[in-house]
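Beneath this line is the structure, given in structure tokens, with notes to follow.
Just so you know, all these numbers are worked out from the coordinates, no wet-lab data involved. All values reported here derive from a predicted model rather than from experimental measurement. Because the Cβ atoms are built from the backbone with ideal geometry, glycine has one as well, and the counts that use them run over all protein chains shown.
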Amino acid sequence: MTEGLVDGRCWWGASTPEYVAYHDEEWGRPVHDSRALYEKMCLEAFQSGLSWLTILRKRESFRAAFAGFEIERVAAFGEDDVARLMDDAGIVRNRAKIEAAIANARAALDLDLSELLWSFAPEPRPRPRAPADIPASTPESAAMAKEFKRRGFRFVGPTTAYALMQACGLVDDHIEGCLVRAGSAPS
């Protein structure tokens, strides 16, 4: 068995049905739609300090609570919405993260989120050979985080920015030999 692969998948993507589906069908696939990028940004921020599995299991509740992650609708959220979200057991009830999701929607209103995010895509590189070869952050993710902060985004530091880059296909961190092919579903 290649280090970092389980059943032909990256080590983390084979342990639960939710992880298998996310790994095989979504993680690392190029995303260019601003609404989808905003959703992934929010979910990555909510994940900070928690298990990604927790976020995946609450994803539909997050979508319902945050108006399908429609940027314009979330940008219009006010204090009543914050109170509603703080009472919603279906999501992670963290006031700072909730307020960040709203602030990030407001920051995203006047820009092309896809163009901004993809402007930080690094040159393609070989897939990592082992989990230890995957960085937590990179110079590109640090630059992205700095630009996001400059534009008023919150909870998107270099590590969260790198996780966003992985999730949205800016980098391909599937382990070498993984059954998922760049930009395609597994066969």
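Residues whose amide H comes within less than 5 Å of that of D172, counting only those at least five positions distant or on another chain, are R125 (H built at 1.01 Å from N in the peptide plane). Comparing Cα centroids, the stretch 5-63 and the stretch 109-187 end up 13 angstrom apart.
Treating only the Cβ atoms of Lys and Arg (+1) and Asp and Glu (-1) as charged, compute the dipole magnitude of the chain about its Cα centre; round to the nearest 20 debye.
That gives a dipole near 340 debye.
Suppose a student asked you for the relative contact order of the stretch 5-167, using Cα pairs under 8 Å spaced at least 6 residues apart; what percent would you report? Averaging sequence separation for qualifying contacts and normalising by length gives 24 percent for the stretch 5-167. Over the stretch 5-167, the Kirkwood radius and the radius of gyration, each from Cα atoms, give a ratio Rg/Rh of 0.96.
Can you find, among P126, W11, F77, the residue sitting farthest towards the positive end of the charge dipole of the chain, where Lys and Arg contribute +1 and Asp and Glu -1 at Cβ? The residue sitting most towards the positive pole is F77.
In the stretch 5-167, taking the dipole from charged Cβ atoms about the Cα centre, the farthest positive-side position among V156, T138, P30 is held by T138. Panel order for D88, D112, by other beta carbons found within 10 Å of each beta carbon, from fewest to most: D112, D88.
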